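To keep things clear, I will list the structure first and then write my remarks on it.
The values are calculated or read from the model by the stated rules, or taken from the named source; none is laboratory data. This structure is a prediction, so every number in the text was calculated from the model and none was measured. With ideal geometry, Cβ positions are generated from the backbone for all residues, glycine too; neighbour counts draw on all protein chains shown.
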Amino acid sequence: MPHERRQTLDWLGLRLVPGVGSVTFDRLRRAFGSPGAALGAPLKALCNLAGLKEEVALAVHNKAFAADPGRELERLEKLGGRVVTLEDPEYPPSLARIYAPPPLLFVRGGLAGCRAGGVALVGSREMTAYGRWVAEGLAGDLARAGVSVISGLARGVDTVAHQAALKAGGHSVGVLGCGLNVVYPAENGRLYAEMARQGAVISEFPLGTRPAPANFPVRNRIISGLSRAVVVVEAGLKSGSLITARHALDQGREVLAVPGPLGAPGSQGCHELIRQGARLLTSAQDLLAPGALPPLLALAAPAADEPPDLPAPAAELLGLLGPAPVHVDLLVRQSGLRPQEVTALLVNLEMAGLVDQRPGKYYIRT
């Protein structure tokens with residue numbers, strides 16, 4: 001078997017172990033050097049790895065895959081798809097810089113169009129005629145300017161944004177909350193096929209994964225991670241698009257919102273974002289003007305080398321911070337450390353001049 005295919009199977013195999021998500025995958029890969037080495041590690045070494053549950057260590061050691069990696073790869077290839085790992089040059093650089101990026105992506109289509117960083121257009125599934133008009137106009141203008149339009153292939157704003165980008169001859173990426181072989185919603189089957197030909201359809205979920213509600217907030221972090229900016233076209237106060245906006249802020253992306261009619265329920269979420277500091281968007285020129293978007297380098301460049309004596313927990317905590325303020329409670333959840341440990345590490349990092357505390361227990365990386 002070719003070495004490259006063996007590596008792909010190792011990455012896929014580790015991802016198919018129950019209990020191994022993005023954070024655990026990264027922890028195992030760093031501890032043992034590669035997914036293949038993690039799968040071949042002694043049980044004692046796996047059990048001694050901090051933060052790894054015993055049942056997960058046993059599953060990794062026993063290679064208790066949820067599905068056979070070889071057969072899954074064959075199924076994916078018959079579908080016209082492929083696996084793109086975090087170490088693959090094709091992996092989008094802006095996505096690689098987020099906290100706990102997907103270790104691998106299941107992909108149909110081409111990712112080259114979003115390497116420069118796209119713009120995400122998100123919004124309500126129950127859009128109004130106004131929302132449709134805005135989404136069509138923005139997506140078409142961005143696509144004609146060579147900007148990849150990123151969205152979630154859901155009903156409403158997502159669908160209209162993808163369709164308008166493709167109609168304009170541009171590139172568009174649809175990020176799924178299900179497996180790559182599951183078309184959801186079903187009426188988007190034709191759009192899905194067009195996206196795979198002219199843009200890309202991607203998922204971090206294995207084949208056959210159903211579109212469970214819990215998958216979509218996880219999916220949303222990829223939409224924002226692929227983008228240099230996130231535009232909320234139309235959203236109510238409880239819209240899932242606001243989750244994407246929060247992910248964008250955590251990742252240091254700019255959030256923009258389109259104002260709507262006063263009192264319109266479908267625009268209340270946008271108005272709330274603007275009140276909280278999101279940039280008001282009135283046309284695509286607000287994104288296309290020189291200097292309107294941050295350069296990709298600011299999002300995707302490798303972080304500067306950490307001080308060689310920085311302890312591993314401190315380095316990991318520092319890696320969770322960027323230019324956007326992050327609350328200490330979120331740092332506790334993302335790091336898996338105890339609150340008192342996070343507080344002590346933040347004090348040390350602040351004294352070293354590496355982080356800065358903002359009001360309300362928010363922190364940024366300096």
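Going through the stretch 118-147 one residue at a time, which ones are crowded, with 21+ Cβ neighbours inside 10 Å and either of a type in the set (A, V, I, L, M, F, W, C) or under 16 Å from VAL218 (Cα atoms) (or both)?
Hits for the stretch 118-147 are VAL119, ALA120, LEU121, VAL122, MET127, VAL134, ALA135, LEU138, ALA139, LEU142, ALA143, VAL147.
Kindly establish whether GLY174 is at pLDDT 95 or above, at positive phi, assigned by TED's automatic domain parsing to the domain that holds ASN220 and not hydrophobic (A, V, I, L, M, F, W, C).
Details: at pLDDT 95 or above: yes; at positive phi: no; assigned by TED's automatic domain parsing to the domain that holds ASN220: yes; not hydrophobic (A, V, I, L, M, F, W, C): yes.
In short, no.
Out of LEU9, LEU14, LEU49, LEU39, report the one residue that is buried (at least 17 other Cβ atoms within 10 Å of the Cβ) and over 25 Å from GLN334 (Cα atoms).
LEU9
Restricting to the stretch 147-171, and then to whatever is of a type in the set (S, T, N, Q) and free of Cβ contacts under 8 Å to residues at least 40 places away in the same chain, can you tell me which residue is nearest to THR128 (Cα to Cα)? Steps first, please.
Our first condition is that a residue be of a type in the set (S, T, N, Q); within the stretch 147-171, this holds for 148, 151, 159, 163.
So of that shortlist, the ones also free of Cβ contacts under 8 Å to residues at least 40 places away in the same chain come out as 159, 163.
Working: THR159: 13, GLN163: 17 Å.
Here the answer is THR159.
Among the residues of the stretch 62-75, are any among the aliphatic types (A, V, I, L, M), under 27 Å from LEU320 (Cα atoms) and out of contact with any strand residue (DSSP E or B) (no Cβ under 8 Å at 6 or more places or on another chain)?
The answer is no; no qualifying residue exists.
Can you find even one residue in the stretch 78-93 that is among the β-branched types (Val, Ile, Thr), touching a helix residue (DSSP H, G or I) at 6+ places or on another chain (Cβ under 9 Å) and within 30 Å of CYS270 (Cα to Cα)?
no
Among the residues of the stretch 164-187, how many are in contact with a helix residue (DSSP H, G or I) (Cβ under 6 Å, 6 or more places away or on another chain), of a type outside the set (Gly, Ala, Ser) and not in a loop (DSSP other than H, G, I, E, B)?
Going through the stretch 164-187 one residue at a time, the tally reaches 3.
On the basis of being over 29 Å from LEU330 (Cβ atoms), among the aliphatic types (A, V, I, L, M) and part of a loop (DSSP other than H, G, I, E, B), does LEU293 make the cut?
no
Are any residues in the stretch 325-366 surrounded by 15 or more Cβ atoms within 10 Å (Cβ to Cβ) and small (Gly, Ala, Ser), and if so, which ones?
Once the filter is applied, which keeps residues that are surrounded by 15 or more Cβ atoms within 10 Å (Cβ to Cβ) and small (Gly, Ala, Ser), the stretch 325-366 yields SER335, GLY336.
Taking the options ARG155, ARG115, ARG97, ARG71, name whichever one is surrounded by fewer than 21 Cβ atoms within 10 Å (Cβ to Cβ), of a type outside the set (Asp, Glu), in contact with a Pro (Cβ under 9 Å, 6 or more places away or on another chain) and not assigned by TED's automatic domain parsing to the domain that holds VAL258. Write out each step before concluding.
Numbers: ARG155 fails: not assigned by TED's automatic domain parsing to the domain that holds VAL258; ARG115 fails: not assigned by TED's automatic domain parsing to the domain that holds VAL258; ARG71 fails: in contact with a Pro (Cβ under 9 Å, 6 or more places away or on another chain).
Going through ARG155, ARG115, ARG97, ARG71 in turn, just one is surrounded by fewer than 21 Cβ atoms within 10 Å (Cβ to Cβ), of a type outside the set (Asp, Glu), in contact with a Pro (Cβ under 9 Å, 6 or more places away or on another chain) and not assigned by TED's automatic domain parsing to the domain that holds VAL258: ARG97.
Would the stretch 214-227 turn up any residue that is touching a strand residue (DSSP E or B) at 6+ places or on another chain (Cβ under 7 Å), surrounded by fewer than 23 Cβ atoms within 10 Å (Cβ to Cβ) and assigned to a helix (DSSP H, G or I)? Don't jump to the end; show me each part of the working.
Start the filter on the stretch 214-227 by keeping residues that are touching a strand residue (DSSP E or B) at 6+ places or on another chain (Cβ under 7 Å), which leaves 219, 222-224, 226-227.
With surrounded by fewer than 23 Cβ atoms within 10 Å (Cβ to Cβ) added as a condition, the list becomes none.
Within the stretch 214-227 (the criterion being touching a strand residue (DSSP E or B) at 6+ places or on another chain (Cβ under 7 Å), surrounded by fewer than 23 Cβ atoms within 10 Å (Cβ to Cβ) and assigned to a helix (DSSP H, G or I)), the answer is no, since none of the residues qualifies.
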